[in-house]
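Taking it in order: structure first as structure tokens, then the write-up.
No value in this document is a laboratory result; all are computed from the given coordinates. Quantities reported herein were computed from a predicted structural model and do not represent experimental measurements. In this analysis, Cβ positions are derived from the backbone assuming ideal geometry, glycine residues included, and neighbour counts consider all displayed protein chains.
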Amino acid sequence: MNNEKKTPVRLRKECTVVVVIDLQERLIPAMREGEKVRAQAAKLVQGAELLGVPVLTTQQYTKGLGETVEDVKAAYAEFSYIEKSAFSAMADEGFADALKESGRGTVLLCGVEAHVCVLQTALDMLEQGYAVLLVTDAISSRKEMDEAPAVKRMIHAGVVPTTVESALFELLDNDSKSDVFKGISKLIK
């Protein structure tokens, strides 16, 4: 048993990057609670934009699986994505380089499918020293029997669970009087 005391993961906007995995046109309709996931992911992206937190987005085999769903795309000030073919985004050199270039060590991770691309990306990020927070209300798989064990496995490996609302309010750094707070509050309501 490891008796080392873990340092708690605290979200700070200057240290955090949001990563959106494969919220694509042909995948989302097959996901359990796909509409909720896309709505929550859109809130997360809009909140990150308000807070000045960078967002990296992947698309898996765009030619076959389509573009990122329109309501999530619309949440970005300027939408762009990184094409990938590997399940783990970290296995894609373009993505890994973009993440490293962000200079951020804490990742807010969301997307699909929880038990494939999200899981493998999270595990690879942990191995490379990133602190990973899983946005549990903005992930999904086709079947709950795949999603639930994947979430447990990620948590057991060291990923910290959170939600869109919790993450966005934490990124505000306790400032409820700012204009950004008002914008985040509108998103959440």
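Observations on the model:
- The charge dipole of the chain, taken about its Cα centre with unit charges on the Cβ of Lys, Arg, Asp and Glu (plus for the first two, minus for the last two), comes to roughly 500 debye.
- Cα-derived Rg over Rh, computed across the range 101-151 with Rh taken as Kirkwood radius: 1.00
- Neighbour-count ranking [beta-carbon atoms within 10 angstrom, fewest first] of K189, K43: K189, K43
- For the range 54-183, the extents of the C-alpha atoms along the principal axes are 44, 34, 29 Å, listed from largest to smallest.
- Selection among F87, V55, G158 by position relative to the dipole of the chain gives G158 as farthest towards the positive end (Cβ unit charges, Cα centre).
- By the rule of a C-alpha distance below 16 Å, with chain neighbours fewer than 8 residues away ignored, the aspartates and glutamates paired with K186 are E49, E165, E170, D175.
- Top of R153, R38, R104 by mean-square fluctuation, Gaussian network on the chain, Cα under 10 Å: R153
- Take the Cβ atoms of C15 and K63, set R0 to 41 Å, and the FRET efficiency comes out at 0.70.
- Taking each residue as 0.36 nm, the span from S80 to E144 lengthens on full extension beyond its C-alpha to C-alpha distance by 20.0 nm.
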